[in-house]
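The values are calculated or read from the model by the stated rules, or taken from the named source; none is laboratory data. What you are looking at is a predicted structure, and each value in this text was computed from that prediction instead of being measured. Cβ placement follows ideal geometry from the backbone for every residue including glycine, while neighbour counts extend to all protein chains displayed. Surface areas here come from the heavy atoms of the whole protein model, side chains and all, with no ligands, DNA or RNA. Shrake-Rupley method; radii C 1.70, N 1.55, O 1.52, S 1.80 Å.
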Amino acid sequence: MKVRRELNVENNLYFPIVELLELMPEFFPKFHFKIVEDDELPPDVHAYTDVQNNVICIKRSVYEGACNGNGRDRMTIAHEIGHYLLICVIGFKFQRNFSDSTIQKYQDPEWQAKCFAGELLIPAHLVQKMTPREIAVLCGVSLPAAETQWSKLRANKGRRYNVQNGFITP
Ligand SMILES: [Zn+2]
């Protein structure tokens, strides 16, 4: 919600994710992003964030897909921006599990980036009464992503939604 407010798109269903990516160097002078050719990355890697060097690398097909409104590609970019903001800007600890000890789900950077991307592209306060299909079309996300976020919202039903703080228990 803070990111949406900063960009003055608090009530836009369709979040301008590519525009945010392109604006990021203005907000964070160390940050840059790089478009790499598809054959430079393994087939299952669509993009990645190098937190050490402040760079997000994105496959050309993913970047172009996001520019053309492809939901999955838009979510990929939101996910990487999530990694960057949470670790490099907000300073979340980069938890990795090198030992046998288990880390909490919320400490997992992948879980954190997933939540960030879902919340950013599918604003809870605007989609309360929509179906997953409507969410997919209007927010520019894939149907599976819309369904996942939709069921999370259902799980939070009964809680009051507060734009300042997110969900709060009654
Ligand atoms: Zn990730």
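Scanning for something more than 21 Å from Pro144 (Cα to Cα) and either aliphatic (A, V, I, L, M) or assigned to a helix (DSSP H, G or I) (or both), does the stretch 70-82 turn up at least one residue? Give the derivation first.
Step one: of the stretch 70-82, the residues more than 21 Å from Pro144 (Cα to Cα) are none.
No, the stretch 70-82 contains no residue that is more than 21 Å from Pro144 (Cα to Cα) and either aliphatic (A, V, I, L, M) or assigned to a helix (DSSP H, G or I) (or both).
Checking each residue in the stretch 8-38 for being part of a loop (DSSP other than H, G, I, E, B) and within 14 Å of the chain's Cα centre (by Cα) picks out Tyr14, Phe15, Pro16.
Looking at Arg74, is it modelled with pLDDT of 95 or more and either among the aromatic types (Phe, Trp, Tyr) or open to solvent by less than 70 Å² (accessible area, probe 1.4 Å) (or both)?
Working: modelled with pLDDT of 95 or more: yes; either among the aromatic types (Phe, Trp, Tyr) or open to solvent by less than 70 Å² (accessible area, probe 1.4 Å) (or both): yes.
Considered against the rule, which asks whether it is modelled with pLDDT of 95 or more and either among the aromatic types (Phe, Trp, Tyr) or open to solvent by less than 70 Å² (accessible area, probe 1.4 Å) (or both), Arg74 comes out as yes.
Among residues of the stretch 104-123 that are more than 16 Å from Ile90 (Cα to Cα), those with a beta-carbon under 8 Å from a residue that is within 10 Å of the ligand (Cβ to nearest atom) and open to solvent by 80 Å² or more (accessible area, probe 1.4 Å) at least six positions away or on a different chain give the pairs Lys105/Trp111.
Can you report the number of residues in the stretch 41-60 which are outside any strand (DSSP E or B), in contact with a helix residue (DSSP H, G or I) (Cβ under 9 Å, 6 or more places away or on another chain) and either open to solvent by 90 Å² or more (accessible area, probe 1.4 Å) or over 19 Å from Glu110 (Cα atoms) (or both)? Before you say what the answer is, go through the steps one by one.
Taking the stretch 41-60 first, the residues outside any strand (DSSP E or B) are 41-46, 51-54, 60.
Of the ones still in play, those that are also in contact with a helix residue (DSSP H, G or I) (Cβ under 9 Å, 6 or more places away or on another chain) are 46, 51, 54, 60.
Now drop any that are not either open to solvent by 90 Å² or more (accessible area, probe 1.4 Å) or over 19 Å from Glu110 (Cα atoms) (or both), which leaves 60.
Within the stretch 41-60, residues that are outside any strand (DSSP E or B), in contact with a helix residue (DSSP H, G or I) (Cβ under 9 Å, 6 or more places away or on another chain) and either open to solvent by 90 Å² or more (accessible area, probe 1.4 Å) or over 19 Å from Glu110 (Cα atoms) (or both) number 1.
Listed by first and then second residue, the pairs with beta-carbon distance under 7 Å, at least 6 apart or on different chains, first residue in the stretch 33-53 and touching a residue at least 24 places away in the same chain (Cβ under 8 Å) and within 12 Å of the ligand (Cβ to nearest atom), second assigned to a strand (DSSP E or B) and not hydroxyl-bearing (Ser, Thr, Tyr), are His46/Lys59; Ala47/Ile56; Ala47/Cys57; Ala47/Ile58; Ala47/Lys59; Tyr48/Cys57; Thr49/Ile56.
Could you list, in sequence order, all residues of the stretch 100-156 that are hydrophobic (A, V, I, L, M, F, W, C), within 16 Å of the ligand (Cβ to nearest atom) and within 17 Å of the chain's Cα centre (by Cα)?
Within the stretch 100-156, the first condition is being hydrophobic (A, V, I, L, M, F, W, C), and the residues that meet it are 103, 111, 113, 115-117, 120-122, 124, 126-127, 130, 135-139, 141, 143, 145-146, 150, 153, 155.
Cutting the leftovers down to within 16 Å of the ligand (Cβ to nearest atom) gives us 103, 111, 113, 115-117, 120-121, 145.
Those that are hydrophobic (A, V, I, L, M, F, W, C), within 16 Å of the ligand (Cβ to nearest atom) and within 17 Å of the chain's Cα centre (by Cα): Trp111, Ala113, Cys115, Phe116, Ala117, Leu120, Leu121, Ala145.
Identify, by number, the condition in (1) open to solvent by 20 Å² or more (accessible area, probe 1.4 Å); (2) within 16 Å of the ligand (Cβ to nearest atom); (3) within 17 Å of the chain's Cα centre (by Cα) that Tyr63 doesn't meet. All conditions are met except number (2). Of all residues in the stretch 66-84, those satisfying the criterion of being away from the ligand (no atom under 16 Å from the Cβ) and at negative phi are Cys67, Asn68, Asn70, Gly71.
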